[in-house]
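Asker: This is the structure I have questions about; it appears just below.
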Amino acid sequence: MFQIKPMNQQEAEEYLRWSYAEPYDFYNTPIASLSECLTAILDPTSGEDFYAVYREGRYFGIFSYKINGQSLELGLGMRPEECGKHQGALFTALGVAFARSQLRHGGKIWLRVADFNQRAIRTYETAGFTEVEQQLALSWDRLVNFIHMELTDEEKLQRQLPAEQDNKPL
C-alpha cells in the first residue's frame with residue numbers, strides 16, 4: 001500500500017542525498033546545490049509542489065507537480081535501491097492518479113526524461129506516455145537531451161494500478 005503526503009524538511013533533505021550509481025548518477029544532487037534545492041522544495045510559492053511517497057510505511061520515492069494552466073509537469077523519483085525492480089510503471093500511474101484525484105487536475109500531464117535513461121523511457125511508455133519532442137538543456141552544468149513525453153493513453157495507465165490502491169495523503 002502506498003501513501004502520499006506533502007514533503008517535509010526531513011524528507012526533502014533525505015531525498016536530496018539519494019545517490020544513484022552510473023549512469024543514473026546524473027540524478028544525484030551536487031553537494032554545492034543542496035541548500036538551494038532544499039529551499040526550492042520547501043518554498044510554497046515556487047510553483048512546484050513536492051510529495052513524499054511511502055510504501056508499507058517506508059519512504060519509497062517522491063512526486064513533484066508543476067501546474068501551468070491546463071498542463072501539469074510530473075516529476076518522479078524512486079529511492080536508488082528501488083530502481084530496476086519493475087516498479088516504475090505502477091509508481092508513474094500512482095503519480096498520475098494522485099494528480100487526477102487529489103490535485104483535481106483534468107488537463108494534460110507530461111514529464112521530461114534524459115534521453116540516456118532508456119529504462120525510464122520504456123517505463124513511461126508502458127504507463128501510457130508518448131514522446132512529443134526533444135530539447136537540449138543544461139542540468140548541473142551538463143548539456144543533456146531531454147525527451148518530453150505526454151500521457152496519451154489513460155487506459156494503459158489505469159491497467160498499472162491495483163484496484164485496492166488508496167493514494168490519499170496521510
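Asker: In a shell of Cβ-Cβ distance under 9 Å around residue 128, excluding residue 128 itself, what net charge do Lys and Arg (+1) and Asp and Glu (-1) give?
Answerer: Surrounding charge for residue 128 is -2.
Asker: Using only protein heavy atoms and a 1.4 Å probe, report how much of residue 54 is accessible, in Å² to the nearest 10.
Answerer: Surface accessible to solvent at residue 54 totals approximately 40 Å².
Asker: If you wrap region 43-90's Cα atoms in a convex hull and average its projection over all directions, what's the area in nm²?
Answerer: Working: hull surface 17.6 nm².
If you wrap the Cα atoms of region 43-90 in a convex hull and average its projections, you get 4.4 nm².
Asker: Grab the other residues whose beta carbon is less than 12 angstrom from that of residue 53, score K and R as +1, D and E as -1, and report the net. Don't skip to the answer; put the middle values down first.
Answerer: On the way: positive: 5, 55, 58, 79; negative: 11, 56, 82.
Its environment carries a net charge of +1.
Asker: Region 104-160 to region 26-96: how many Å between their Cα centroids?
Answerer: Here the two parts' Cα centres lie 14 Å apart.
Asker: Among 112, 17, what's the order by accessible area (1.4 angstrom probe), most exposed first?
Answerer: Output order, biggest surface exposure first: 17, 112.
Asker: Given contacts defined as C-alpha pairs under 8 Å and at least six residues apart, what's the relative contact order of region 115-167, whole-number percent?
Answerer: 35 percent
Asker: Could you count how many Lys pairs in the chain have their Cα atoms under 18 Å apart, skipping same-chain pairs fewer than 8 positions apart?
Answerer: 4
Asker: Rank 148, 86 by accessible area, highest first, at a 1.4 Å probe radius?
Answerer: Descending accessible area places them as 86, 148.
Asker: How big is the accessible area of residue 101 in square angstrom, nearest 10, if you roll a 1.4 angstrom probe over the protein chains?
Answerer: Here the residue's solvent-accessible area equals roughly 40 Å².
Asker: Note down the nm distance, to one decimal, between modelled labels 7 Å out along Cα→Cβ at residue 153 and at residue 135.
Answerer: Inter-label distance under the simple model: 2.5 nm.
Asker: OK, next. Write down the Å³ per residue value for the convex hull defined by the alpha carbon atoms of the chain.
Answerer: 117 Å³
Asker: Per the Kirkwood definition applied to all pairs of different Cα atoms, how many angstroms is the hydrodynamic radius of region 97-146?
Answerer: Radius from the Kirkwood sum: 12.6 Å.
Asker: What helices does the chain hold that run 15 Å or longer along their axis, going by alpha-carbon atoms, with a Kyte-Doolittle average of -0.5 or more, using DSSP H for the helix calls?
Answerer: Span-like helices in the chain: 88-101.
Asker: Relative contact order for region 63-155: what is it in percent, counting Cα pairs under 8 Å that are at least 6 residues apart?
Answerer: 26 percent
The values are calculated or read from the model by the stated rules, or taken from the named source; none is laboratory data. Not measured: the values here are computed from a predicted model. Positions of Cβ are backbone-derived with ideal geometry, glycine not excepted, and every protein chain shown enters the neighbour counts. The accessibility values were calculated without ligands, DNA or RNA, using every heavy atom of the protein model including side chains. Shrake-Rupley method; radii C 1.70, N 1.55, O 1.52, S 1.80 Å.
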